[in-house]
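The values are calculated or read from the model by the stated rules, or taken from the named source; none is laboratory data. These numbers come from a predicted model, not from an experiment. Here the Cβ positions follow ideal geometry from the backbone for every residue, glycine too, while neighbour counts run over all protein chains shown. Note: accessible area is taken over every heavy atom of the protein model, side chains too, but ligands, DNA and RNA are not part of it. Shrake-Rupley method; radii C 1.70, N 1.55, O 1.52, S 1.80 Å.
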Amino acid sequence: MTLIPVVLDPALLVFTERLTEADFVARVKFIAEWARLARSGEVQVQISSEVRRSLVEGGYYPARTTVAKTIEALGLRYRYAPEDVIAPINTILSRAAGDLYCCIRDEAHEEFTSVPAQPWYDDPSVNAMLQRVLILSSIEETVHGWRRILLASLLSTGVVVFSASLRLLDPDDIPNFEQSQLPKRIEAKAFLVAGPEQVRDCLPSGEVWGDSAGNISIKRAIQLRCREILKDEGRYRSMVDIPEFYIGPQFYESLLTCQAARSGRFASVTLEGCAAAVLEHSTFEWRSFKKANRKADGAEPLRAHLTGGNMALRLMAWKRPTGRIEFSNVGEKWDEEIVYTDPTYAV
């Protein structure tokens, strides 16, 4: 996982004359922020092909005509131009992916219930689109074992609990959802997120570390653990509070070798050690390491104890001339070597 996947509430891409001025302004601010997040790569906005088709069939996309009419109807032409809305919508749709929706093309259901109860929006077609998003997401969650559904939305509650009776699925041969098993009742919930801080609240660092498949997601897990620690200490305001650090190109590989990645028995202690090192906690101590400085940048080699006993692990890192830490590798006590790598390949 290199990006955080978030499912988008399709209502936020729909602008009609049914909106109030307050709703219009809130949606414009919301999509502008999520367009920025999509460009930055911090999150991966997910939109299924069925939702894209529904937006087109409903006359909501391309959006220029409906947006212009909405601005005029609300008397906002002196505050907003259609491009203020259209540009972030286009950014989100162009950068959105649909790879989380890889098994189910479409579905038909009945008896949809939820807490909070629908209607959530004035437009029945928008409510229907969101029902489809939630149901498709819940099926994919079951098939692939996702830990949770994150829904980017302006709905006021923190969690939507929903259920429905599945009548048809396309294709009709998905394990546990074959046509012979339908109709079938499904029950699920989605965590609502309005911005990046709410996304982070839904991502425990240990789970991210355990799901990681490379250095980028390992770095994200360490950042999230630092955030959790700072929040527990009452010192967190934003991600800016977390010191900058780097992950060397061979770090993840060394974690796998030492049972410190995924569900390895040293995974949690390694994550804790890395976070403590970044935050320079008093419980963490770098020790002298009689190895040569790195020629590429003069970085100083460091080592620290992660575990004791027979399987004693050491955390190796480079202290760059800027003072920033670059985690190099994890190694066993009797093979205490630091990996000399090009600093430009660190993340």
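General remarks:
- Selection of trypsin sites (Lys or Arg not before Pro), the range 16-79, meeting DSSP coil and at most 16 other Cβ within 10 Å: ARG18, ARG77, ARG79
- Ordering of 323-332, 107-116 by packing [mean C-beta count within 10 Å, highest first]: 323-332, 107-116
- The heavy atoms of HIS305 offer some 80 square angstrom of accessible surface to a 1.4 angstrom probe.
- Taking each residue as 0.36 nm, the span from ASP172 to LYS231 lengthens on full extension beyond its C-alpha to C-alpha distance by 16.6 nm.
- Calculated mean residue ellipticity, 222 nm, the chain: -11500 deg cm²/dmol, from DSSP H runs (n ≥ 4) at -39500 (n - 2.57) each, averaged per residue and rounded to 500.
- Pair ALA97, LYS184: separation of 7 Å Cα→Cβ label points (nm): 2.6
- Computed FRET value (nearest 0.05) for ALA128 with ASP211, which takes r as the C-beta separation and R₀ as 45 Å: 0.85
- Between the beta carbons of LYS291 and LYS333, assuming R0 = 22 Å, the FRET efficiency works out to 0.90 to the nearest 0.05.
- Between helix 124-144 and the chain: long-axis angle, C-alpha atoms, 0 to 90°, nearest 10: 40
- Per DSSP, loop trypsin sites (Lys or Arg not before Pro) in the range 146-191 with at most 16 further Cβ within 10 Å: ARG147, ARG148
- The residues of the chain expose on average 47 square angstrom of accessible surface per residue, using a 1.4 Å probe on protein heavy atoms.
- Listed candidates (i) 71, 57, 34; (ii) 95, 40, 31; (iii) 67, 42, 41 - label of the one calculated as Cα extents along the principal axes in Å: (i)
- Mean-position separation - Cα centroids, the range 273-320 and the range 136-202, in angstrom: 43
- With Cα atoms, 0 to 90° folded angle of helix 215-232 axis to the chain main axis: 90
- Among the trypsin sites (Lys or Arg not before Pro) in the range 273-317, those placed in a DSSP loop whose Cβ has at most 12 other Cβ atoms within 10 Å are LYS290, LYS295.
- Sulfur and carbon atoms: percent of accessible area, the range 71-141 [1.4 Å]: 52
- Stretched out straight at 0.36 nm per residue, the stretch from ALA312 to GLU244 would grow longer than its current Cα-Cα span by 21.7 nm.
- R0 of 22 Å, Cβ-Cβ distance TRP146-GLU42: FRET efficiency to nearest 0.05: 0.70
- The portion of the accessible surface of the range 247-337 made up by carbon and sulfur, rounded to a whole percent, is 45 (1.4 Å probe; DNA, RNA and ligands excluded).
- Cα gyration tensor, the range 34-131 - rounded (a/c under 1.5), prolate or oblate: oblate
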